Amino acid sequence: MQPFRSLTAIAAPLLRPNIDTDVIIPIQRLLGLGREGLGAYAFERLRADPHFVLNRPEYAHSAILLAGENFGCGSSREGAVWALMEMGVRCVIAPSFGDIFFANCFQNGLLPVRLPIEAIRRIAEETEAAPGNARTTVDLERQLVITPRGEEIPFSIDPRRREALLHGLDEIALTLRQSQAIAAWRERDRLARPWAWESVARPTGAEGCREGRPA
């Protein structure tokens, strides 16, 4: 997973509330496809409108998305995060997110930042004042969003998730970092409760049957 430390980019203002995962990527686009190529179908129905913000040349390659309340609500569709990342988005700033979408972001290296809607509107206004030129910075190390005009807005994030994103670690990689501690606990517990480990050492299958034990 690609680490996320600091990102400076154009922020596309898409402040509609309740954009669900089916709007982000239609389910039919996930059938028989992997992650690659999903970006071309992100927001497919909205892109049918020639005035849709992501159809504008100055926002076509935005790496930051400014969103409205409850972004990513709806079905538990990890493909929604894949589609956003395939189109180049690394950070979504919104007042609130769908819970499952929020968790899926951290599993894939996309940073979801919660800010009050008033702060997001200010960033959008500053961006629209200089379209194609205004840049927003999201600094995960300092936990700051820096607007195009230089205002620093702090945000909070779970320390464990922050650490994972900074180092590009998913849940499995985070667990493997504790492999020595896990192995030490197993040995201590094996000595303290040998009866609990009997089934672990017991032969299974044909070998267990030959010894008269159930397979």
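The values are calculated or read from the model by the stated rules, or taken from the named source; none is laboratory data. What you see is a predicted model, and the numbers here were worked out from it, not measured in a lab. Note: ideal-geometry Cβ built from the backbone for every residue, glycine included; neighbour counts use all protein chains shown.
Odds and ends about this structure:
- Taking each residue of the stretch 21-36 that is at negative phi and looking for partners that are in a loop (DSSP other than H, G, I, E, B) and surrounded by fewer than 18 Cβ atoms within 10 Å (Cβ to Cβ) with beta-carbon atoms closer than 6 Å, six or more apart or interchain, yields 21/74; 21/75; 22/74.
- Restricting 16, 5 to residues that are touching a residue at least 40 places away in the same chain (Cβ under 8 Å) and within 18 Å of the chain's Cα centre (by Cα) narrows the list to 5.
- Counting only helices (runs of 4 or more DSSP H) that fall entirely inside the stretch 88-175 and contain at least 1 residues that are free of Cβ contacts under 8 Å to residues at least 12 places away in the same chain and under 14 Å from the mean Cα position of the chain (by Cα), the qualifying elements are 99-108, 159-167.
- Among the numbered conditions (1) touching a helix residue (DSSP H, G or I) at 6+ places or on another chain (Cβ under 6 Å); (2) farther than 20 Å from residue 121 by Cα, the only one that residue 48 does not meet is (1).
- Candidates in the stretch 60-79 are the residues that are outside any loop (DSSP other than H, G, I, E, B) and modelled with pLDDT of 95 or more; of these, the one that is surrounded by the fewest Cβ atoms within 10 Å (Cβ to Cβ) is 73.
- The one condition in (1) over 30 Å from residue 130 (Cβ atoms); (2) modelled with pLDDT of 95 or more; (3) surrounded by fewer than 18 Cβ atoms within 10 Å (Cβ to Cβ) that residue 117 fails to fulfil: (1)
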